[in-house]
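J.: After the structure tokens below, expect a handful of questions from me.
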Amino acid sequence: MPLSPLTFLPFPLGSITPLGWLKNQLRLQANGLSGHLDEFWPDVKDSRWIGGNAEAWERFPYWLDGVIPLAHLINDSNLITRVNSYVEYILDHQAEDGWLGPRKMVIYAGGTEFLKYDLWAQFLILKALVQYYDVTQDQRVPEVVEKSLRGIDNYIDRIPLFDWGQFRWFEVLIPIYWLYDLKSLPRPAGDVLVADADEVQWLLDLAVKLHAQGFHWGDFFSRWPLTQPTPKGRWNFAGHVVNNAMAVKAQGLWCRLTGDESDRHAVYDIVTKLDRFHGMVTGVFTGDECLAGKRPAQGTELCAVVEYAYSLEVLLSIMGDPRFADRLEKIIFNALPATFSPDMWAHQYDQQVNQVECSIRERDWNSNYNESNLFGLEPNFGCCTANLSQGWPKFATHLWMGLEEGGLVAIAYAPSRVQMLIKGVPVTVTLETDYPFREDLHLSIDVAQPVEFPLLLRIPSWAKGASIRLFYAGTTYLPEPGSFFRIERLWEGKKEINLHFPMQPSLLDGFRGAVAIQRGPLVYALKIGERWQQVNTENPYRQLPHADWEVYPTTPWNYALAVNGGSLDEDIEFENRDLGDCPFSPDGAPVIAKVKGRKLPGWRMENGSAADVPISPASSDEPLEAVEFIPYGCTNLRVTEFPVLRK
Ligand SMILES: [Zn+2]
């Protein structure tokens with residue numbers, strides 16, 4: 001049985017060019033940790049993957065998986081040259097049995113020929129190499145990937161999947177399917193095009209074997225026992241936050257092979273249950289580092305943020321559900337930027353939705369160390385330091401997708417340009433916008449010759465009253481929120497379209513009756529004054545600019561909000577500010593909101609975090625004040641979930 005086709009086809013790296021604030025943000029990232037780890041951080045600079053003597057596991061491939069697209073999106077020739085030299089080294093050093101990079105031995109399983117190696121980092125490097133092929137068309141890559149997969153096929157006959165490789169087995173379906181699709185392309189033979197199904201069947205057979213040995217996420221969630229916060233000290237693979245964020249796409253990838261409706265259903269089952277028992281108002285779920293329940297003072301690991309986003313990008317391509325894109329934007333515009341310092345030189349391991357102090361203190365994490373919410377180089381553990389690199393770049397490369405029959409789909413929105421051939425005709429579509437900070441998006445569609453194709457525009461499910469104005473036809477449509485609006489026509493010359501997505505405020509349900517404010521794709525949080533204090537100064541790798549920081553509040557945060565039953569339009573006043581060079585920062589916030597509230601003197605800190613939100617409605621004799629909110633992604637300290645003030 002062949003693979004079922006994708007609903008939407010991702011474009012190869014290089015087709016989409018970031019513009020405006022997105023280009024600026026990627027440049028910021030390259031100027032920060034991501035673009036410099038290979039110059040100073042031993043786990044990348046001296047990695048055993050490139051002949052050094054430092055880390056031999058996931059960090060180098062994690063970093064490559066993000067910086068390959070980053071370097072090409074901003075066309076940074078220096079970074080491209082460095083990245084190419086590392087990939088060259090890895091391609092040149094493949095072992096005879098197909099193994100890529102160093103072998104990290106786990107335990108002996110018999111004589112020397114039965115050494116036991118976890119396959120996770122092999123899966124990861126293959127995902128990075130596939131992206132490398134997209135931009136370079138380096139013909140060694142398919143050969144290296146095939147040799148690696150044949151080696152894995154051989155290896156798991158004797159050493160079945162275990163540990164990370166077992167719980168993340170589905171990640172290798174991405175390079176398996178890639179090679180399958182590439183080798184299935186009809187090739188010229190004499191006067192005709194032929195494809196040989198027998199040549200690629202072994203890839204699907206390998207997928208079936210991996211599935212049989214891998215952890216069955218869909219089955220596990222059907223009778224899922226992890227509905228409570230993980231008890232302290234009970235770290236485990238099945239409750240691991242990053243494994244779960246990756247596993248959101250597991251059944252989606254698998255259903256390309258089975259075509260089974262129950263696998264598609266399982267995707268929604270996993271997302272719904274994670275939301276219900278561990279979900280945060282920012283679209284992610286907690287895990288510090290195993291699933292941690294609904295308290296807004298629990299942590300979410302940065303690796304889980306970027307992996308959840310990537311899972312949604314993969315699912316959008318397979319299943320085409322616009323709700324996945326609503327979630328993707330929510331995570332990328334809120335949870336992702338919030339967990340970095342504005343200059344992207346420091347990141348957190350764990351972010352909190354209510355985060356009133358970042359400091360080295362014992363908190364109620366399930367198993368992470370006390371420094372996990374510091375902004376720094378490698379707080380708690382260095383996985384996120386490497387893996388953070390994929391967040392923005394992969395979002396940028398999945399903004400647009402194609403249709404098999406020729407056509408274009410707007411998946412998620414940020415300023416960008418996409419260039420492709422449709423029916424052999426060069427087509428350029430440019431999106432100018434300051435979305436998600438503004439409500440208007442301006443599209444221009446430019447074709448070299450007249451060509452007919454459909455253009456699908458995603459209408460966010462929150463965008464009540466959305467409108468699409470076709471300037472060339474003088475018509476305006478009122479599309480259904482939560483759908484793709486299809487425009488099919490013979491495109492000629494240059495045509496202009498305006499999208500208007502009205503952003504109305506609404507309240508999200510938090511923990512124990514608390515509320516959070518959302519408007520459009522952005523969640524809003526209280527702006528708290530900050531004092532940054534450098535720590536770990538004795539560590540040579542934690543010096544400026546890649547230093548570690550504690551952040552202490554300098555203004556009150558313990559409010560109850562007067563959002564009690566009237567119109568939110570009257571209760572909350574939004575005001576646009578200039579969109580500067582650093583929009584995801586407290587001072588650069590492009591939108592602010594004024595909300596009235598009273599202090600609750602009894603709501604205090606516990607172990608460095610905000611105590612549980614008081615039960616609503618809350619009473620207070622303190623004076624009514626107008627307090628300032630900014631988008632969650634612009635904050636470093638914040639309160640997001642609040643009690644409601646008694647009327
Ligand atoms: Zn991590």
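To keep it simple, each residue is scored yes or no on (1) closer than 30 Å to Asn558 by Cβ; (2) open to solvent by 50 Å² or more (accessible area, probe 1.4 Å).
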| residue | (1), (2) |
| --- | --- |
| Val447 | no, no |
| Val451 | no, no |
| Arg469 | no, yes |
| Ala473 | no, yes |
| Gly493 | no, no |
| His500 | no, yes |
| Pro505 | yes, no |
| Val515 | yes, no |
| Tyr524 | yes, no |
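J.: Regarding Pro601, is this residue part of a loop (DSSP other than H, G, I, E, B), closer than 16 Å to Val356 by Cα and open to solvent by 70 Å² or more (accessible area, probe 1.4 Å)? Even if it seems obvious, please write down each step before you answer.
T.: Numbers: part of a loop (DSSP other than H, G, I, E, B): yes; closer than 16 Å to Val356 by Cα: yes; open to solvent by 70 Å² or more (accessible area, probe 1.4 Å): yes.
Criteria met by Pro601.
J.: What are the residues in the range 420-441 that are open to solvent by less than 50 Å² (accessible area, probe 1.4 Å), part of a strand (DSSP E or B) and not aliphatic (A, V, I, L, M), if any?
T.: Selection gives Thr428, Thr430, Thr433.
J.: Also, quick follow-up: In the range 111-126, how many residues are surrounded by fewer than 21 Cβ atoms within 10 Å (Cβ to Cβ) and under 17 Å from Trp63 (Cα atoms)?
T.: 0
J.: If you go through the range 376-411, how many residues are within 30 Å of Thr554 (Cβ to Cβ) and surrounded by 21 or more Cβ atoms within 10 Å (Cβ to Cβ)?
T.: Taking the range 376-411 as the starting set, the residues that turn out to be within 30 Å of Thr554 (Cβ to Cβ) are 376-381, 384-385, 388, 391-392.
So of that shortlist, the ones also surrounded by 21 or more Cβ atoms within 10 Å (Cβ to Cβ) come out as 376-380, 384-385, 388, 391-392.
Summing the residues that are within 30 Å of Thr554 (Cβ to Cβ) and surrounded by 21 or more Cβ atoms within 10 Å (Cβ to Cβ) in the range 376-411 gives 10.
J.: Could you please find all residues in the range 274-294 being surrounded by fewer than 24 Cβ atoms within 10 Å (Cβ to Cβ) and either more than 18 Å from the chain's Cα centre (by Cα) or of a type in the set (A, V, I, L, M) (or both)?
T.: Arg276, Phe277, Gly293, Lys294
J.: Select from the range 330-384 the residues that are more than 16 Å from the ligand (Cβ to nearest atom) and of a type in the set (Asp, Glu) and list them in ascending order.
T.: Within the range 330-384, Asp343, Glu357, Glu362, Asp364 qualify.
One line per residue, one yes/no per condition, for (1) modelled with pLDDT under 95; (2) farther than 27 Å from Thr7 by Cβ; (3) touching a His at 6+ places or on another chain (Cβ under 7 Å); (4) not charged (D, E, K, R):
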| position | (1), (2), (3), (4) |
| --- | --- |
| Asp181 | yes, no, no, no |
| Asp198 | yes, yes, no, no |
| Leu210 | no, no, no, yes |
| Phe215 | no, no, no, yes |
| Arg223 | no, yes, no, no |
| Gln228 | no, yes, no, yes |
| Ala250 | no, no, no, yes |
| Leu253 | no, no, no, yes |
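J.: Oh, and also: Within the range 304-322, identify whether any single residue is open to solvent by 10 Å² or more (accessible area, probe 1.4 Å) and without any contact (Cβ under 8 Å) to a residue 24 or more places away in the chain, and answer yes or no.
T.: For the range 304-322, residues open to solvent by 10 Å² or more (accessible area, probe 1.4 Å) and without any contact (Cβ under 8 Å) to a residue 24 or more places away in the chain: present.
J.: Here is a follow-up. Only residues in the range 199-225 that are closer than 25 Å to Asp269 by Cα count as the first member; pair them with residues that are of a type in the set (S, T, N, Q) and not in a loop (DSSP other than H, G, I, E, B), Cβ under 7 angstrom, at least 6 apart or cross-chain, and list the lot.
T.: Gln213/Gln166; Gly214/Gln166; Phe215/Gln166; Trp217/Gln251; Gly218/Gln251
J.: A further question on this structure: When the residues of the range 132-173 are filtered to those that are open to solvent by 20 Å² or more (accessible area, probe 1.4 Å) and β-branched (Val, Ile, Thr), which remaining residue is modelled with the highest pLDDT?
T.: Going through the qualifying residues, I end up with Thr136.
J.: Would you confirm, using the coordinates I've provided, whether Ile68 is among the β-branched types (Val, Ile, Thr) and at pLDDT below 95?
T.: no
J.: For the range 382-399, does any single residue satisfy the condition of being more than 19 Å from His546 (Cβ to Cβ), assigned to a loop (DSSP other than H, G, I, E, B) and within 17 Å of the chain's Cα centre (by Cα)?
T.: Yes: the range 382-399 contains one or more residues that are more than 19 Å from His546 (Cβ to Cβ), assigned to a loop (DSSP other than H, G, I, E, B) and within 17 Å of the chain's Cα centre (by Cα).
J.: Moving on to the next point. So the check is Cβ under 9 Å with 6+ separation or different chains; which pairs have a first residue in the range 575-587 that's farther than 17 Å from Ile332 by Cα and a second one that's modelled with pLDDT of 95 or more and open to solvent by 80 Å² or more (accessible area, probe 1.4 Å)?
T.: These pairs meet every condition: Gly580/Asp587.
J.: Is it the case that the range 187-196 has a residue that's of a type outside the set (Asp, Glu) and either modelled with pLDDT of 95 or more or surrounded by 14 or more Cβ atoms within 10 Å (Cβ to Cβ) (or both)?
T.: Going through the range 187-196, the residues of a type outside the set (Asp, Glu) turn out to be 187-190, 192-195.
Next, from what is left, pick out any that are either modelled with pLDDT of 95 or more or surrounded by 14 or more Cβ atoms within 10 Å (Cβ to Cβ) (or both): none.
Among the residues of the range 187-196, not one is of a type outside the set (Asp, Glu) and either modelled with pLDDT of 95 or more or surrounded by 14 or more Cβ atoms within 10 Å (Cβ to Cβ) (or both), which makes the answer no.
J.: Restricted to the range 385-406, and to residues that are touching a strand residue (DSSP E or B) at 6+ places or on another chain (Cβ under 9 Å) and polar (S, T, N, Q), which residue is farthest from the ligand (Cβ to nearest atom)?
T.: Thr397
J.: For Phe237, indicate whether it is of a type in the set (Phe, Trp, Tyr) and either open to solvent by less than 20 Å² (accessible area, probe 1.4 Å) or in contact with a Phe, Trp or Tyr (Cβ under 6 Å, 6 or more places away or on another chain) (or both). Write out each step before concluding.
T.: Numbers: of a type in the set (Phe, Trp, Tyr): yes; either open to solvent by less than 20 Å² (accessible area, probe 1.4 Å) or in contact with a Phe, Trp or Tyr (Cβ under 6 Å, 6 or more places away or on another chain) (or both): yes.
So Phe237 passes the test.
J.: Yes or no: the range 275-286 includes at least one residue that is assigned to a loop (DSSP other than H, G, I, E, B), within 16 Å of the ligand (Cβ to nearest atom), under 24 Å from Cys383 (Cα atoms) and touching a residue at least 24 places away in the same chain (Cβ under 8 Å).
T.: If we filter the range 275-286 for residues that are assigned to a loop (DSSP other than H, G, I, E, B), which is where we start, we get 280-284, 286.
So of that shortlist, the ones also within 16 Å of the ligand (Cβ to nearest atom) come out as 284, 286.
With under 24 Å from Cys383 (Cα atoms) added as a condition, the list becomes 284, 286.
With the extra rule that they be touching a residue at least 24 places away in the same chain (Cβ under 8 Å), the set shrinks to 284, 286.
Yes.
J.: Continuing with this model, one more query. Ala611 - would you say it is surrounded by 18 or more Cβ atoms within 10 Å (Cβ to Cβ) and closer than 18 Å to Ala525 by Cβ?
T.: Working: surrounded by 18 or more Cβ atoms within 10 Å (Cβ to Cβ): no; closer than 18 Å to Ala525 by Cβ: yes.
So Ala611 does not fit the description; no.
J.: Could you list, in sequence order, the residues of the range 299-326 that are within 16 Å of the ligand (Cβ to nearest atom) and either among the β-branched types (Val, Ile, Thr) or under 23 Å from Glu378 (Cβ atoms) (or both)? Full working, then the answer.
T.: Going residue by residue through the range 299-326, those that are within 16 Å of the ligand (Cβ to nearest atom) are 299-311.
Hits for the range 299-326 are Gly299, Thr300, Glu301, Leu302, Cys303, Ala304, Val305, Val306, Glu307, Tyr308, Ala309, Tyr310.
J.: List, please: which pairs have Cβ atoms under 7 Å, are six or more places apart or on different chains, and start with a residue in the range 169-198 that is farther than 15 Å from Gln251 by Cα and end with one that is surrounded by 15 or more Cβ atoms within 10 Å (Cβ to Cβ) and at pLDDT below 95?
T.: Within 7 Å, the pairs are Tyr180/Leu3; Tyr180/Val200; Lys183/Val200; Ser184/Val200; Ala195/Ser184.
J.: Follow-up question, since we're still on this one. Out of (1) of a type in the set (A, V, I, L, M); (2) at pLDDT 95 or above; (3) touching a strand residue (DSSP E or B) at 6+ places or on another chain (Cβ under 8 Å), the odd one out for Leu568 is which?
T.: Going through (1) of a type in the set (A, V, I, L, M); (2) at pLDDT 95 or above; (3) touching a strand residue (DSSP E or B) at 6+ places or on another chain (Cβ under 8 Å) one by one, Leu568 breaks only (2).
J.: If you don't mind, another one. Has the range 49-66 got any residue that is more than 22 Å from Leu302 (Cα to Cα) and in contact with a Gly (Cβ under 8 Å, 6 or more places away or on another chain)? Break it down stepwise before answering.
T.: Let us first name the residues in the range 49-66 that are more than 22 Å from Leu302 (Cα to Cα), namely 49-54.
Adding the requirement that they be in contact with a Gly (Cβ under 8 Å, 6 or more places away or on another chain) leaves 49.
Taking every residue of the range 49-66 in turn, at least one turns out to be more than 22 Å from Leu302 (Cα to Cα) and in contact with a Gly (Cβ under 8 Å, 6 or more places away or on another chain).
J.: Could you pull out the residue among Phe485, Phe501 that is within 24 Å of the chain's Cα centre (by Cα) and among the aromatic types (Phe, Trp, Tyr)? Spell out the reasoning first.
T.: Numbers: Phe485 fails: within 24 Å of the chain's Cα centre (by Cα).
Checking each option against the conditions leaves just Phe501.
J.: What is the number of the single condition among (1) hydrophobic (A, V, I, L, M, F, W, C); (2) within 15 Å of Ile497 (Cα to Cα); (3) within 16 Å of the ligand (Cβ to nearest atom) that Val409 does not meet?
T.: Among (1) hydrophobic (A, V, I, L, M, F, W, C); (2) within 15 Å of Ile497 (Cα to Cα); (3) within 16 Å of the ligand (Cβ to nearest atom), Val409 violates only (3).
J.: Still on this model: Tally time: how many residues in the range 526-550 are surrounded by fewer than 20 Cβ atoms within 10 Å (Cβ to Cβ), of a type in the set (Asp, Glu) and more than 27 Å from Ala593 (Cα to Cα)?
T.: 1
J.: Okay, next question. Can you tell me which condition Arg417 does not meet? The list is (1) in a loop (DSSP other than H, G, I, E, B); (2) farther than 17 Å from Leu316 by Cβ, and all the others hold.
T.: (1)
The values are calculated or read from the model by the stated rules, or taken from the named source; none is laboratory data. Everything numeric in this text was worked out from a predicted model, so none of it was measured. Backbone-built Cβ (ideal geometry, glycine too); neighbour counts: all protein chains shown. Surface accessibility is based on the protein's heavy atoms, side chains included, excluding ligands, DNA and RNA. Shrake-Rupley method; radii C 1.70, N 1.55, O 1.52, S 1.80 Å.
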